[in-house]
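Novice: What follows is a single structure, and I will ask about it in a moment.
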Amino acid sequence: MDLDGIVSRALAAFRAAGDAASLENAKARFVGKQGELAAFRPAGTAEERKALGARFNAAKQRIEAALEARRNELADEKLNARLAEEALDVTLPARGRGRGGVHPVIRTWQRIEAIWRTLGFDVADGPEIETDWYNFTALNNPENHPARSMQDTFYVDMKDEHGLPLLLRTHTSPMQVRYARQHRPPIKVIAPGRTYRVDSDATHSPMFHQVECLWIDEDISFAHLKGVYTEFLRRFFEDDHLEVRFRPSFFPFTEPSAEIDMKLKGRWLEISGSGQVHPTVVKNFGLDAERYIGFAFGSGLERLTMLRYGIEDLRLFFDGDLRFLSRFS
């Protein structure tokens, strides 16, 4: 059997193979266990068989090289055919990019800042990881207050300079203290931002937003509180006839304290907690409580947003559902 003939027939068969299956069949015919190369038996003297063995190895290498080359050619042809089938015409006009929108809570945040700036108030921002003193003690919260428990507050695995654990702020009131300790009266400031409490249901979220307000001067009364807050609500809800009322309440950082309700569509709805800043808190501001007086209040941004836009479930704000968010784009 002629080795050159086997090589010629193998190369021709490989070139003729139009797909991977045909190529593998051709491979079996020439280099398989029952193939033509396997059937080749060199004859002659020892020296002749040695020379034929070298020719045999060279023929086998040529066949295997041709086989591998044809495999690569078929793979390239298959890839090119697929690329041609899936090709994009880059000269076509591009699809329009969808426009996003401001999240409804952030929209409320921006609206609140704009309104209070027109009323002469600064806007303060501060850390969301707070110390025990700024979050509780400075605001006249006693050591045994339930808000200090781990069931109510998220604590961080770090401690302050006094060895007390740091925490995620439960309200933005600490910014009232920080701002007041850095400025001299008259102090007029709001502090919007994220806050955290261990709570989660249809009307509560572990992370939520608040806006706190502080006005401190030598002669600030409940009349000022009612005047500016009523003006804020009327602007926010775009209703010049919106009714507001105050109900007695209790908060450790104000004395006296009041809940603020507004009348919306014939119903009274609680909207904020407020009061005259407690003398102890004024002292913690670094001010003379005999000379300075003022008020503070805190409102939930999610609640204001729900009332303004008619949203009934707080969880919609954080689900990331585009069907809901597209209403505000």
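Novice: Taking the stretch 88-107 as the search range and keeping residues that are at pLDDT below 85 and open to solvent by less than 100 Å² (accessible area, probe 1.4 Å), which one is farthest from F208 (Cα to Cα)? Don't jump to the end; show me each part of the working.
Specialist: In the first step, residues of the stretch 88-107 are kept if they are at pLDDT below 85; the result is 88-101.
With the extra rule that they be open to solvent by less than 100 Å² (accessible area, probe 1.4 Å), the set shrinks to 89, 94, 96, 98, 100-101.
Values: D89: 47, A94: 39, G96: 34, G98: 28, G100: 22, G101: 20 Å.
Residue satisfying both the conditions and the ranking: D89.
Novice: Okay, next question. Give the stretch 54-87 a look and list any residue that's among the small types (G, A, S) and either at pLDDT below 85 or over 24 Å from D4 (Cα atoms) (or both), or say none.
Specialist: To start, the set of residues in the stretch 54-87 that are among the small types (G, A, S) comprises 54, 58-59, 65-66, 69, 75, 81, 84, 87.
Passing the criteria: A54, A58, A59, A75, A81, A84, A87.
Novice: Scan the helices (runs of 4 or more DSSP H) fully inside the stretch 269-329 and keep the ones with 1 or more residues being among the polar types (S, T, N, Q) and either surrounded by 20 or more Cβ atoms within 10 Å (Cβ to Cβ) or touching a strand residue (DSSP E or B) at 6+ places or on another chain (Cβ under 6 Å) (or both).
Specialist: Values: elements: 279-284, 301-309, 322-325.
The qualifying helices (runs of 4 or more DSSP H) are 279-284, 301-309.
Novice: While we're on this one: Quick check on the stretch 189-237: of everything there that is assigned to a strand (DSSP E or B) and of a type in the set (D, E, K, R), which residue is least open to solvent (accessible area, probe 1.4 Å)?
Specialist: Among those residues, the one meeting the criterion is E212.
Novice: Tally up the residues in the stretch 155-188 that are β-branched (V, I, T) and either assigned to a loop (DSSP other than H, G, I, E, B) or under 17 Å from I220 (Cβ atoms) (or both), please. Spell out the reasoning first.
Specialist: Applying the first criterion (β-branched (V, I, T)) to the stretch 155-188 yields 156, 170, 172, 177, 187.
The next check asks that each one be either assigned to a loop (DSSP other than H, G, I, E, B) or under 17 Å from I220 (Cβ atoms) (or both); those that pass are 170, 172, 187.
Going through the stretch 155-188 one residue at a time, the tally reaches 3.
Novice: Grab the helices (runs of 4 or more DSSP H) fully contained in the stretch 46-142, keeping just those with 1 or more residues being touching a strand residue (DSSP E or B) at 6+ places or on another chain (Cβ under 7 Å) and within 30 Å of T195 (Cα to Cα).
Specialist: On the way: elements: 46-85, 104-118, 132-135.
Ranges flagged: 104-118, 132-135.
Novice: Among the candidates F136, F154, single out the residue that is of a type in the set (F, W, Y) and open to solvent by less than 60 Å² (accessible area, probe 1.4 Å).
Specialist: Values: F154 fails: open to solvent by less than 60 Å² (accessible area, probe 1.4 Å).
Going through F136, F154 in turn, the sole match is F136.
The values are calculated or read from the model by the stated rules, or taken from the named source; none is laboratory data. Computed from a predicted structure; not experimentally measured. Because the Cβ atoms are built from the backbone with ideal geometry, glycine has one as well, and the counts that use them run over all protein chains shown. Side chains included, ligands, DNA and RNA excluded: accessible areas come from the protein's heavy atoms. Shrake-Rupley method; radii C 1.70, N 1.55, O 1.52, S 1.80 Å.
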